[in-house]
Amino acid sequence: MSRVPNRSRRGFSLIELMVSLTLGLLITGAAVKLYTTGVDATWVIQQRAELQQDLRSAEDMLIKDVSLAGAGLTTIPGESVPLPNGGAGSPVYGCSAGPVCAPNGAVNYPNIGGGGPTLYPIMPGFRLGIIPPGSVTRSDLITVVYSDNILALNCYSGTSGGAGGATAANNAITFNAAGNVLTFTAPVNLPSVPAGCVLPPNLAFPQALNNTVNGLQPGDLILFGPLGVQSAVAEVTGVAPANPGNTPAAPGSQYTISFLNGDTLNMNQSGVANDLTQFAPAGGGQLAGLVANRIFVVTYYIGNWTDAAGNVTTILYRQVNGQRAIPLVDNVANLQFTYDSYDNLGNLLVQAGDAGESVGDSPNLIRKINVIHLTVHSQLYGSKSSLMATQGFQSFDLQTSISARNASFTNRY
């Protein structure tokens, strides 16, 4: 008998190949889906984190400004300043020297009870903004006022002056004959610095008023007082001499600051009641006890910005005095405030959008500012893949309340 050879069968069948390919494709597909989902989730989380960071940064700045409302203004009688209102019209805020103004043009100061435009520490702007995309009502804006504590402008005031009094050789403010150009003279030495002068930390002498870092510039607002029973506000239109850098003031140095008509904010109206020129000595000279401080009139509002391609983006802006508005965060969908205040009878008003201005209540009665809507949305779609369950645009809406502690001149708590 012959032996049958035993031949081994190597390889695999077609069925085995198809099964293995199917399993491989399933595993690969699951891995790809898992990877894609992870990438999309990371992208969404990153977008969400950036939205939160941008929004919270803007909100922190708004909270800081609102909480400072009224700071340094406690010497103002009634914590309000009557403003000029003559043939040139009413003073405005929310405009830069461009001029680039808040959404509906320049905003007039409140006129409560027909007493004329008046500057207050807090000024609501109920529905004075734009209509954001997706909304049917106008957004709000808010304006707060507080004193600058960096530029020691009040150290140039003639409130003491030692044995020589307030003279041009000491520290003084001198008016020209028209009352619209003032000469500020720096103290000769530290003992002659006015008692109310508080220098910033690590500063032994007041800064030069033409300092390019924190000196005066056109558009700045200066609060002058006391002028009898009230104060006055004027806008800087010129500073001389020019200063090419960040140099300190020299003892006894003089700076000429102009407050001429035609300013962007319409604060300077020579010959009109409540204008600075009405308080100047006849023929010019010095006014005993006059103190000057730079103040910040800070306005927050939503504005539209259009790029070269015609795309419109809504941006939250911060505008100070007559300077250029600074963008804080884009793709803002809403900005709304309410106010808790006391009316003239001592009754608490809660969540009033205009702080009772429509019924004649003064903004000085505001005790708390409520940010009820500060909303942003993403510019891009929430997911790049249809595999993600969370698709669409993301949005955040922050709310908070801020105490008007510096503007609450009457303690009702």
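Things worth noting here:
- Yes/no for L380 being at pLDDT below 80, closer than 16 Å to V329 by Cα and part of a loop (DSSP other than H, G, I, E, B): yes
- Residue within segment 289-302 that is surrounded by fewer than 20 Cβ atoms within 10 Å (Cβ to Cβ) and either among the charged types (D, E, K, R) or farther than 21 Å from Y146 by Cβ (or both) present: yes
- For segment 59-96, residues that are in a helix (DSSP H, G or I) and either at pLDDT 80 or above or aliphatic (A, V, I, L, M) (or both) total 9.
- Residues located in segment 259-279, provided they are hydrophobic (A, V, I, L, M, F, W, C) and surrounded by fewer than 22 Cβ atoms within 10 Å (Cβ to Cβ): L260, V272, A273, F279
- Flag if I372 is touching a Lys or Arg at 6+ places or on another chain (Cβ under 6 Å), surrounded by fewer than 20 Cβ atoms within 10 Å (Cβ to Cβ) and at pLDDT 90 or above: no
- Check on I295, in contact with a Pro (Cβ under 7 Å, 6 or more places away or on another chain), of a type outside the set (D, E) and not in a loop (DSSP other than H, G, I, E, B): no
- Number of positions in segment 57-78 that are of a type in the set (D, E, K, R) and surrounded by fewer than 15 Cβ atoms within 10 Å (Cβ to Cβ): 2
- Segment 121-145, residues that are among the hydroxyl-bearing types (S, T, Y) and either buried (at least 24 other Cβ atoms within 10 Å of the Cβ) or in contact with a Pro (Cβ under 7 Å, 6 or more places away or on another chain) (or both): S139, T143
- Subset of segment 129-146 (residues that are of a type outside the set (S, T, N, Q), part of a loop (DSSP other than H, G, I, E, B) and on the phi < 0 side of the Ramachandran plot): G129, I130, I131, P132, P133, V136, R138, D140
- Segment 16-56 - residue that is closer than 30 Å to V144 by Cα and not acidic (D, E) and, of those, surrounded by the most Cβ atoms within 10 Å (Cβ to Cβ): L55
- Filter result (of a type outside the set (D, E, K, R), surrounded by 15 or more Cβ atoms within 10 Å (Cβ to Cβ), part of a strand (DSSP E or B) and modelled with pLDDT of 85 or more) within segment 212-254: L221, I222, L223, F224, S231, A232, V233, A234, V239, Q254
- So N266, is it at pLDDT below 90, touching a strand residue (DSSP E or B) at 6+ places or on another chain (Cβ under 8 Å) and within 26 Å of G94 (Cα to Cα): no
- Residue ID - surrounded by the most Cβ atoms within 10 Å (Cβ to Cβ), chosen from residues in segment 320-369 that are assigned to a helix (DSSP H, G or I) and either of a type in the set (A, V, I, L, M) or over 20 Å from the mean Cα position of the chain (by Cα) (or both): L365
- Subset tally (residues that are modelled with pLDDT under 90 and either among the hydroxyl-bearing types (S, T, Y) or over 23 Å from S57 (Cα atoms) (or both)) for segment 315-326: 1
The values are calculated or read from the model by the stated rules, or taken from the named source; none is laboratory data. Quick caveat, the model's predicted, so the values are computed rather than measured. No Cβ is skipped: glycine too gets one built from the backbone with ideal geometry, and neighbour counts run over all protein chains shown.
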